[in-house]
Each structure stands twice: as C-alpha cells, then as structure tokens.
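Worksheet: the structure to be examined is printed underneath.
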Amino acid sequence: MRFRTVLFAVVVFFFVTLRAFAAPQISHSTPFALAPGKTTEITLLGGQLLSPLRLWTTFAAKAEFIPLADDAAKKGEKLVCRITVPRGEQVGIGALRLISTEGVSNPIFVVLDDLPTVAEAPDNHTIVQAQLLQPPTAVDGQCDAVQDDFYRFRANAGERLSFEVVSQRIGARLDPVVRVFKADGKEIQRFDDAEGVGGDTRFAHTFDAAGDYLLALTDVRHLGGGDYRYRLRIGSFPLVAAAYPLGGRSGEIVSFGAVGDGIDPQTKTPIALPDARGMRQLTYVGIPSPNNRGAGWFPVEVGIKDEASEREPNNSLAEATPAPFPGVINGNLNKQGDRDFFRIKARKGQRVYGLARTRELGSACEVYLALLKADGRKIAEARQDRQTVLTADIPQDGEYIIQVDDLLIAGPNSHDHAYRIDLDDMFAGFRLNTDQLQYNAPQGGTFTVKVLAQRPTYSGPIELAVEGLGDGAVVSGNMLDGSEAYPKITLPANIPASEIRFAKIVGKAKIGDQVVTVPLNQRETLRTLFPSTEILPAPFVDTIAIGVGPPFPAFFDLAVPGNEAYFPQLVGASSFDININRINRAFKDPVSIAVEGLPKEIAAKVEPVGDGLKAMRVSLTGPANLPEGEFPIRIAGTGVFQDQTKRVVLENVKLGVTKPLVVSVAMAGPIAAGGQQSANILLQRFGDERQPVRMQVSDGPAGLSVPIFVSIPADAAQTKILLTADAKAAPGKYRNLAVVATTTVKGQNITVTSKPASIEILPAPAK
C-alpha cells in the first residue's frame, strides 16, 4: 500500500538532450530498524538518491526528507529521512522503496522493532574487546570474514533472556551461528538455525547465576562483508515457533494462536485483517512480552479468495472438511501420523493447481499433497521442490479429496506444523517471471520487460498481457514462442508523473478449445535477488513495480510554412513541405507523417525530401473541379527515440481549394509620407504549365501611388514594386493593401486577388 509522505524539497530537471533514466538504487539503510509509534531518522545508502518524492512502504508510515550538504548526499549516494510509524503495535519485517523524480528504486527490508537500537562497535572481535550491552536492546552489525563479533551483557540468577538474529529475513546473506559463554570463556550453548525463521537463529536461555556473560556471533561458513548484515535482539520477548492459522481473508476478523517459548498456547489474538484491495498481502501479528522488554511476531497472509479451515476430526475420507475450489485451505498437523483431508467439488476439464505456503509464512511444515478420487484412489501427488506444488486435470464432474501430510513431524512433542494451501484452477504447463522487480518509464512512455518462461509440459505460443495499468495501456511484441520475450509496455498518459503502479503480467495459451491463463510469479527472480529470504511481501511475488517519471523530453517538432496548403482547380494536384526540426541531434530515425481531415475527394501521399531528416513532402491529388473553399487539416507526426514514442500534431493548418494561382504581397517596411518603399510580391503556380502573370495593385490607403501594372515572366515567381506615399497621406496602420494577378492556365484566363496585407504610413520627416 502507499502512504502520504511529507515532501521537504523537490527539484525536477528537464533535459532536452539525450536523457536516460537514473532510477534510485538502495543498498541498505542505517539503522536497520524503525521504532513503532515513534519517529526514526534513517539513512538510505546507494546511488541516484537525488530528488526524492516519497517512500512506498508495506506498512503504515510517513516520511520527511532531510537536506544534507555533504559530498555523498550531493552525489546521490546518501539520503536521510525521518520515518514515523504511527501505530505502536506494528512489529515485524517491512519493505520500502524510494520514489524520486526519476522513478522507483529496488526494495529493501527493514525491521519494525520496539527494542532500542545501538550500533556495533568497530573493534569487538575479541573477548577482551567485547561490546557491552544492556538488555533489552538490539544491535545493528555486520560480520567480517573469519571473525566473531563479541558482546558482553549481565544477567540475574533465574533470568530468562531471548536472543534473535534477524539477517536473512531482511535480505542479507549471513547464516548466523551464536554461542553463549560464561565470563571465563566457557561455552554454555551454541545455536544455529531455528524453526520459522529460515537460516536465522533465535533462542531463549535461563541463566543459573548472576553475572556477566558473553555472546559470539559469526557466519557459519566464516564469510563476511557488506552483505552480511544482522540485527541482534536481546530481551525477554516471546519466541513464536508456530502459529495457526497462517492467514485469513481480507476484511475479516481472524483469531490467531501461537506456540513457543514465553507464549501461553491457550491465548488467541483476534486481528481485523486489512483490506487487501484485490491483491494478496503479508502482515505481522505482534506478541508483546508481559514486562515490556520486547515483542515477538509472526507473519500471516491476507488473502482475497474464499477460505476453509480444517474441522477436526478430518483424519479420514469420510470426515474430510468441505473446502472451496478455487480457494484457500488452512490446517495444522500437530502430532506424528496426523493427516488431514479436504473435500472439493470440481468439473471435468478443470485443472487443480495447489500451492503450499509454509516456510514462506514462518512454518516449519514440509507438506505432502495428493489429489484423490472420492473413493480414495490417487490421481496425482505434488512434486517436492522449494515449494510444494500439486497439479492435476479433473477427469469428470464430482467430488475430490485433497490429502495433506507432514514429512517432518518426528514425534509427539513436535511443535504444531501449520500450512496454507492455495487451490486454483490454473494451467501448470508453463510458468512466467521477469528478470527484475521494478521498471521505470516516462509519463505516457514505454518500457521493455524481459519475460522468461519455464515450460514443463507446454511448448506452444503464449500471448502476454498486462493488468493493473488501467485503460490505454498498450503491449506490443507480446508473443512468447520460446523461453523468453521482450514485450514493450506503453503506459496510459493519465498516470501522473512520480507515481508508482503495480502491474500483473499474464500469459494466455489456447489448449484445444480452451484458453488458459497463467499469472506472473516472481519467485525465481526473488530467489536470485534474495537467495536466503523465505518470507517475502506478496506484491513482490505477484506483480512488477513501475515508477512513472517526468514526460520524455520532446525530440522533434513540425512546421508547415505559413500554416497553409493549397489544392488548385483545373490542375487537381499540388504539394507542400513539412519541415522537421530535430530538437535532439541524436534522433535520426524516420518520422511518420499522416495528414488528417482532408476532404474525402483529395488523397495525400507523403515522401521524404532527400534523406527525410529535415523535411517530408505531401503530394495531393483529386478532382480538378472542386469548388473553392478552406478546410482545417491536421498534420500528425510520430517518431520513436530510445523506445519512446512521441506524436506531434499541427492543428492550425489550413487547406485552401483555390484557383491554380496564388498571389501574396508584403511590405518591406513602413513608408513615410512623401517617401517610397518596396513591396514584395510572391506567386505560387500549380501544374506543369508556366505562363507570364500580369499584376496590379487593386487596393490600398489613400495617397498611395503604384505602378499601373507589372508583368512577371513565366520563369519567375516573385518581383518587387515601388510604392510612393503622397506628402499629405494620412499616417496610420492599414490592412488593405491587395494585388490582382491574371494569367492563363490550360487555355482559361485566371484572375486572383491576394489576401489584404498590412501597410504602415509614417508622418513625413521634419525638415
């Protein structure tokens, strides 16, 4: 979701030369956490962090950007902002993106944590130099290769302390291992991975005696560097080992239970799930400690489909819990040998696509899925991969059974293993993803997406479409015949600059008489960007983010001399030129020209003048007997530069159906009473025939003397005449100077009058 932010300063740069998007990139933040219910000053580090507009977050927040004058800030490598998280109960993992005038950044993860933050000391790599901590607290640090980070803290006799390392959950590469020592260096305990947090670790320990203790933190492979960041939490907060259910439907109130160290398993937490607005979301449920020494949390999914939760007993076919299809089923396997059954109704030709969500929602469950006929005969079982996916075709109308087992429960004391299974009617013969999570484009502009296809069983053509950008979005190059395609997506012009949009890409294929639709799934891309992060916000999985920048600068414009064009009687053919001004010199591609609004009897042909870089010529043909008249026409030019399409339209061009001779007159300047000035006369003949033209002035101000007539030879198109103003001519500006021209075209006498021209008479110079 997007939240309003406070904008401190924005400077928008418009370039009329070659321009490429410089979208912001964020490597990480310091600190790694935001305090719920408070304002935290946070520094974003990366590149192109100039001209910020606002932050997009997966949690409620508002941000204020703080101007800095140091070199890193001026280079766009650092940006400081104050982020306010309004609700004190918001805890967990969130994500944010920066939106600038240039587009949208990559996402980064932050922790929403009620523990106070301290920074790691730079020299805490030996027991002697162990950094002193005072729980409850949290440390933002970074592991270096082949070195431990040591911390010293004090515990009372019988005191229970919770320890948690948040690293892979915020996109870092650290695989943490933690050891706890007595002050004399004797190891008490070693902790590695923990259920529900992927490769991160968390544990609780009750100390027998009061005194100082040591904690050592390192990467299990002894690796380190900038990507090996962590947040070490120490307090007395609950440690959630399992939660149930793992989600619920948008807008409903769901009671969630949890088990783990420091948690009453009988306690249920009712949560009003937010409006998902048509898109799956991830939210966190917090469990505070009784003494306000830190909160624990667990993730839940906010869904948009009908849901069913298991109703015990459902351990046999006859006791199967009814479930919607398509829909979502929730269950919990809490003892060895536990097995759940769900009953669905399906039609012949439907395809069952069952996706198990467990580890990505903090559950240690490893699901086995199978589709059975109503009598228990197996139709299909799920493939076991990083995610468990069940696919099967329904052979006939009727009831079917979903069987769920846990492959990991080893004994009666195992924690509850919850699962959430998304059942959809979706073709599983191919999967789609893009190579990026975000793209940037100018307002109304075009961007290219690399779409990758995995084809387990389908090798035919796939038509790509985009959803979520509104009316006016255009997709070209959208047929995918192999393993990849590069469709170009043009945004609707009505999406404002500096906005962010989330779009779904879907692939459509015709299988027999049926059209199947498969939506984009970004898990392959996310595994590349965040290889160790299991729990990911749903928008990252289901959509791509599109940052809308300022309009692409104009790179050409058009002009028609005088904004006039003519179509001559008797001849039935003419031409005029459209001049092309290439504002950006790097733009050398052709401009496509269309002439719109012509009378239906007249046809236009457009051809380049020379190489077409500077002008295009429009040739008009039509009947030679059209009546005289004036028609408004439009000249539309379309050019493509750096994948951006620009359309330039000249609205004020007039087409005159006229006699096959046009004459115009223009004064070379004002004329003083008693003085002289020249006037320029221009002719435009049409057709191949060239005859002399007889011309005379037909109107003008009183007191003006002009030649009786002037003859313009057949091979000339202009001439000058000398005008004399009487000494008593009245000064002023007049618009009545006109000339009449007479010639012969195809044996017919043609007489035309020019449009009135301006003439200014000045007072006679003082003597």
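Within the set 369, 317, the sole residue that is under 30 Å from residue 194 (Cα atoms) and either in contact with a Ser or Thr (Cβ under 7 Å, 6 or more places away or on another chain) or assigned to a loop (DSSP other than H, G, I, E, B) (or both) turns out to be 369. Restricting 530, 576, 567 to those that are aromatic (Phe, Trp, Tyr) and farther than 30 Å from residue 687 by Cα reduces the list to 530. Residues that are in a loop (DSSP other than H, G, I, E, B), more than 30 Å from residue 767 (Cα to Cα), polar (S, T, N, Q) and not assigned by TED's automatic domain parsing to the domain that holds residue 731 do occur in the stretch 625-643, at least one of them. Looking only at residues in the stretch 251-291 that are hydroxyl-bearing (Ser, Thr, Tyr) and within 21 Å of residue 310 (Cβ to Cβ), which one is farthest from the chain's Cα centre (by Cα)? Ranking the candidates gives 267 first.
Within the stretch 685-698, none of the residues are touching a Gly at 6+ places or on another chain (Cβ under 9 Å) and assigned to a strand (DSSP E or B). Restricting attention to the stretch 488-501, the residues that are modelled with pLDDT under 95, touching a strand residue (DSSP E or B) at 6+ places or on another chain (Cβ under 9 Å) and either polar (S, T, N, Q) or within 13 Å of residue 434 (Cβ to Cβ) (or both) add up to 1.
When each of 720, 767, 746 is tested for being surrounded by fewer than 14 Cβ atoms within 10 Å (Cβ to Cβ) and not assigned by TED's automatic domain parsing to the domain that holds residue 677, the lone residue that passes is 767.
Summed over the stretch 239-273, the residues that are touching a residue at least 40 places away in the same chain (Cβ under 8 Å) and in a loop (DSSP other than H, G, I, E, B) give a count of 4.
When 654, 646 are checked against the criterion of being modelled with pLDDT of 95 or more and among the basic types (Lys, Arg), 654 stands alone in meeting it. For the stretch 504-536: of the residues being over 15 Å from residue 280 (Cβ atoms) and among the aliphatic types (A, V, I, L, M), which is farthest from the chain's Cα centre (by Cα)? In this case the residue turns out to be 511.
Residues satisfying the criterion are absent from the stretch 697-711 (criterion: under 21 Å from residue 570 (Cβ atoms) and out of contact with any Pro (no Cβ under 6 Å at 6 or more places or on another chain)).
In the stretch 66-85, how many are under 16 Å from residue 30 (Cβ atoms) and either touching a Lys or Arg at 6+ places or on another chain (Cβ under 8 Å) or among the acidic types (Asp, Glu) (or both)? Of the residues in that region, 6 qualify.
The set of residues from the stretch 546-557 being part of a loop (DSSP other than H, G, I, E, B) and either more than 22 Å from the chain's Cα centre (by Cα) or of a type in the set (Ser, Thr, Tyr) (or both) comprises 554, 555, 556. Within the stretch 525-536, the set of residues being over 21 Å from residue 201 (Cα atoms) and either without any contact (Cβ under 8 Å) to a residue 40 or more places away in the chain or not polar (S, T, N, Q) (or both) comprises 526, 528, 529. Filtered by the rule that a residue be in contact with a Phe, Trp or Tyr (Cβ under 7 Å, 6 or more places away or on another chain), over 27 Å from residue 535 (Cβ atoms) and in contact (Cβ under 8 Å) with a residue 24 or more places away in the chain, the stretch 126-155 gives 126, 127, 130, 153, 155. On inspection, residue 574 does not qualify as surrounded by fewer than 18 Cβ atoms within 10 Å (Cβ to Cβ) and hydroxyl-bearing (Ser, Thr, Tyr). For the stretch 39-111, the strands (runs of 3 or more DSSP E) that sit wholly inside it and include 1 or more residues that are closer than 22 Å to residue 141 by Cβ and out of contact with any helix residue (DSSP H, G or I) (no Cβ under 7 Å at 6 or more places or on another chain) are 39-47, 78-84, 92-100.
Can you work out which of the residues in the stretch 686-714 that are hydrophobic (A, V, I, L, M, F, W, C) and surrounded by 17 or more Cβ atoms within 10 Å (Cβ to Cβ) is farthest from residue 750 (Cα to Cα)? Per the criteria, the residue is 704. When residue 33 is tested against (1) farther than 21 Å from residue 546 by Cβ; (2) modelled with pLDDT under 95, only condition (2) is not met.
Quick check on the stretch 530-537. Is at least one of its residues within 29 Å of residue 470 (Cβ to Cβ) and surrounded by fewer than 21 Cβ atoms within 10 Å (Cβ to Cβ)? Within the stretch 530-537, one or more residues are within 29 Å of residue 470 (Cβ to Cβ) and surrounded by fewer than 21 Cβ atoms within 10 Å (Cβ to Cβ). The test for being among the basic types (Lys, Arg), surrounded by fewer than 13 Cβ atoms within 10 Å (Cβ to Cβ), in contact (Cβ under 8 Å) with a residue 24 or more places away in the chain and assigned to a strand (DSSP E or B) holds for residue 733.
Only one of the numbered conditions (1) exposed (fewer than 15 other Cβ atoms within 10 Å of the Cβ); (2) more than 23 Å from residue 255 (Cβ to Cβ); (3) among the basic types (Lys, Arg) is violated by residue 293, and that is (1).
In the stretch 186-232, the qualifying residues are those that are assigned to a loop (DSSP other than H, G, I, E, B) and among the aliphatic types (A, V, I, L, M), and the one that is farthest from residue 115 (Cα to Cα) is 223. Among the residues of the stretch 108-150, those that are surrounded by 21 or more Cβ atoms within 10 Å (Cβ to Cβ) and among the small types (Gly, Ala, Ser) comprise 130, 138, 141. On the given criteria, is residue 199 assigned by TED's automatic domain parsing to the domain that holds residue 289 and closer than 30 Å to residue 154 by Cα? Spelling it out, it is not the case that residue 199 is assigned by TED's automatic domain parsing to the domain that holds residue 289 and closer than 30 Å to residue 154 by Cα.
Could we say that residue 173 is closer than 19 Å to residue 146 by Cα and out of contact with any strand residue (DSSP E or B) (no Cβ under 6 Å at 6 or more places or on another chain) here? Against the criterion (closer than 19 Å to residue 146 by Cα and out of contact with any strand residue (DSSP E or B) (no Cβ under 6 Å at 6 or more places or on another chain)), residue 173 qualifies.
The values are calculated or read from the model by the stated rules, or taken from the named source; none is laboratory data. Keep in mind the model is a prediction, meaning the values are calculated, not measured. Note: ideal-geometry Cβ built from the backbone for every residue, glycine included; neighbour counts use all protein chains shown.
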